[in-house]
Amino acid sequence: MLPRGGFYQSTGGQWIFVIEEAGQTAIKRNIKIGKQNPQYYEVIEGLQAGDKVITSGYENFGNVDKIVLKN
């Protein structure tokens, strides 16, 4: 289950940015969304339990495959 967020408007639920283990970058990864309700999306492909993702809107990221995160 994935909390609803602004990412969906930019991606149509086709992909999401997943934060890598070191926490310094986020990589674009394809996903598949199943059922949804007002609070959550069911992710049926592309994520593993415990994956950290960016659910905010992606409008300011442009057309990139990788984001460098800063503390």
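The values are calculated or read from the model by the stated rules, or taken from the named source; none is laboratory data. All values derive from a computational prediction rather than experimental measurement. Cβ coordinates were reconstructed from backbone atoms using ideal geometry, including for glycine residues, and neighbour counts include every protein chain displayed.
Yes/no per residue for (1) at pLDDT below 95; (2) hydrophobic (A, V, I, L, M, F, W, C):
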position	(1), (2)
S10	yes, no
K28	no, no
A49	yes, yes
E59	yes, no
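Of all the listed residues (K35, K28), the sole one being free of Cβ contacts under 8 Å to residues at least 12 places away in the same chain and assigned to a strand (DSSP E or B) is K35. Count, please, the residues in the range 49-69 that happen to be out of contact with any strand residue (DSSP E or B) (no Cβ under 8 Å at 6 or more places or on another chain) and assigned to a loop (DSSP other than H, G, I, E, B). Final tally of qualifying residues: 6.
Note on the range 1-58: among residues that are within 9 Å of the chain's Cα centre (by Cα), of a type in the set (K, R) and over 16 Å from K70 (Cα atoms), the one that is surrounded by the most Cβ atoms within 10 Å (Cβ to Cβ) is K28. Please go through the range 3-19 and give me each residue that is assigned to a strand (DSSP E or B) and among the hydrophobic types (A, V, I, L, M, F, W, C), ordered by number. Across the range 3-19, the qualifying residues are W15, I16, F17, V18, I19.
The C-beta contact set for the range 44-62 (first residue among the small types (G, A, S), second residue part of a loop (DSSP other than H, G, I, E, B) and modelled with pLDDT under 95, distance under 6 angstrom, 6+ apart or interchain) comprises S56/G5; S56/G6; G57/G6.
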